[in-house]
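No lab work stands behind these numbers, since they all come straight from the coordinates. In this text the structure is predicted, and so the values were computed from the model without any measurement. Here the Cβ is made from the backbone with ideal geometry for all residues, glycine too, and neighbour counts use every protein chain on show.
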Amino acid sequence: MLKRFFIICSGSDTDILDNCSIGEQNKYAGIGATVFFTAVMACIAASYALYTVFDNYYTSIIFGLIWGLLIFNLDRFIVSTIKKRNSIMDELIQASPRILLAIIIAVVISKPLELKIFEKEINQVLLEQKNNLTLANQGQIADQFTPTIASLQGEITNLKNEINTKETEVNALYNTYITEAEGTAGTKLLGKGPVYKEKRDKHDAALAELQELKSDNKVKIIATETQIAQLKANYDTQVATTQPIIDGFDGLMARVNALGKLPLLPSLFIFLLFLAIETSPIFAKLLSPKGEYDFRLEDSETAVKTWVEQKVNERKILLQTDMSLNNKIYNDIAEEDELYNYKRKKARELMQLQADAFFKHQKNAL
């Protein structure tokens, strides 16, 4: 039963192959098994590739089965259309487009399986790429907010510097009126005289200005710090919003590109393996000598071809004979007086009718 199934997979004529030897049947069963298992691998590869796209098991399996059936049909067609010829060159010319198609199929099948086999290595490459993208994304977003934040922080620094400058001025005035009272500076008169009072009033006025400046600048600093906090919150929000896009950077194209960054040799060996599997039925047919099945198939095809050519030639001869007989019959009839007189009578009647019709037309015109 299994052997019969693989023979059907090979695309061979089962009626002819049933009359061939066991060895010939085994050869085509082996070719059919290669076609079948290649289609199975294609189904698995396509299902995995589509799962990375749709992220859904059912969709991936359904489309994977369709792709596997398509590859099975193509391989079966390729193998079944290769016929053994009497010339090696004719066989190579016949097989060249099929070999090219087999190479394309091998590439399509092997690439998704490479993605699965080297999944861990690809994930490592993708992780590095995601980290670089995250840093680059954060830097690009920061470029939108950093100048504004730096400007606001500069304003806060200026406001604090104003307070520090005013405090220095007040402290200096304080030292001035204290030393005046102690008699260690200024007039150097001990006690609180008019000069002391003048310097004390100047200090008190500056101190009031300092208190007012602190109050005003504190409000401004709080407002500016609120703006900075809002900008930082906006930055965090934008980073959090764009990060899922980077985290989702693991689609089919990204994995194929990541696979290209890995060493070439392992991927090349896998591709060559599938290329050998895909082209093995073709080369098996090309390299093997003409077998019993090939002779029987050629006999069946040439019998049909001969029968068709014979029918075509018979129709040509029949047509030529019929034309020759018709010519001879018409030539014999043309020499008969009875036919001549009959046609002459009818021609006379026709000419009379034409003359009468012309006369009536001319009469109506007058």
**OP:** Arrange the peptides 342-349, 32-39 so that the one whose residues have, on average, the most other Cβ atoms within 10 Å appears first.
**Re:** 32-39, 342-349
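Mind giving me the FRET efficiency for Ala355 and Gln310? R0 is 51 Å, r the Cβ-Cβ distance, nearest 0.05 is fine. Don't skip to the answer; put the middle values down first.
Details: r = 59 Å, r/R0 = 1.15.
Once rounded, the FRET efficiency stands at 0.30.
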Original post:
Working out 0.36 nm times the residue gap between Lys290 and Ile103, then minus their Cα-Cα distance, what length gain in nm do you get to one decimal?
Top reply: 64.8 nm
Original post:
If each of Gln140 and Thr165 carries a label point 7 Å out from its Cα toward its Cβ, how far apart are those two points in nm?
Top reply: 4.2
Original post:
For Phe54 and Asp15, what does the FRET efficiency come to when R0 = 41 Å and r is the distance between their Cβ atoms, rounded to the nearest 0.05?
Top reply: 0.40
Subject >> segment 125-252 - convex hull of alpha carbons, volume per residue in Å³ >> reply: 109
Original post:
Could you give P(r) for segment 224-305, binned at 10 Å from zero, as whole percent values over all Cα-Cα pairs?
Top reply: 13, 17, 16, 13, 13, 10, 7, 5, 4, 2
Subject >> Average Cα contact separation per residue, the chain, under 8 Å, 6 or more apart, as relative contact order % >> reply: 22
**OP:** Figure the gain on full extension for Asn132 and Leu92 (residue separation times 0.36 nm, minus the Cα-Cα span) and round it to one decimal in nm.
**Re:** 9.3 nm
Original post:
What is the gain in length, in nm to one decimal, between Leu325 and Leu339 on full extension, counting 0.36 nm per residue of separation less the C-alpha to C-alpha distance?
Top reply: 3.1 nm
**OP:** Please order Tyr174, Tyr340, Tyr293 by the number of other Cβ within 10 Å, starting at the fewest.
**Re:** Tyr340, Tyr174, Tyr293
Original post:
With axes computed from alpha carbons, what is the tilt in degrees of helix 22-54 against the longest principal axis of the chain, rounded to the nearest 10 within 0 to 90?
Top reply: 30
Original post:
If you put +1 on each Lys and Arg Cβ and -1 on each Asp and Glu Cβ, how big is the dipole of the chain around its Cα centre, in Debye rounded to 20?
Top reply: 640
**OP:** Report the calculated FRET efficiency for Ile270 and Ile156 (r = Cβ-Cβ distance, R0 = 45 Å), to the nearest 0.05.
**Re:** 0.15
Subject >> Simple label model, 7 Å out from Cα along Cβ direction - Asp201 to Asp299, nm >> reply: 14.0
**OP:** At a Cα cut-off below 21 Å, give the lysines reachable from Lys130, other chains included and same-chain residues fewer than 8 away excluded.
**Re:** Lys116, Lys120, Lys261
Original post:
So what's Rg/Rh here for segment 35-165, counting alpha carbon atoms and using the Kirkwood radius for Rh?
Top reply: 1.46
**OP:** Please give the helix 337-365 orientation as an angle from the longest Cα principal axis of the chain, in degrees from 0 to 90, rounded to the nearest 10.
**Re:** 50
Original post:
Taking the highest mean first, how do the peptides 235-248, 120-133, 352-365 order by number of other beta carbon atoms within 10 angstrom per residue?
Top reply: 120-133, 235-248, 352-365
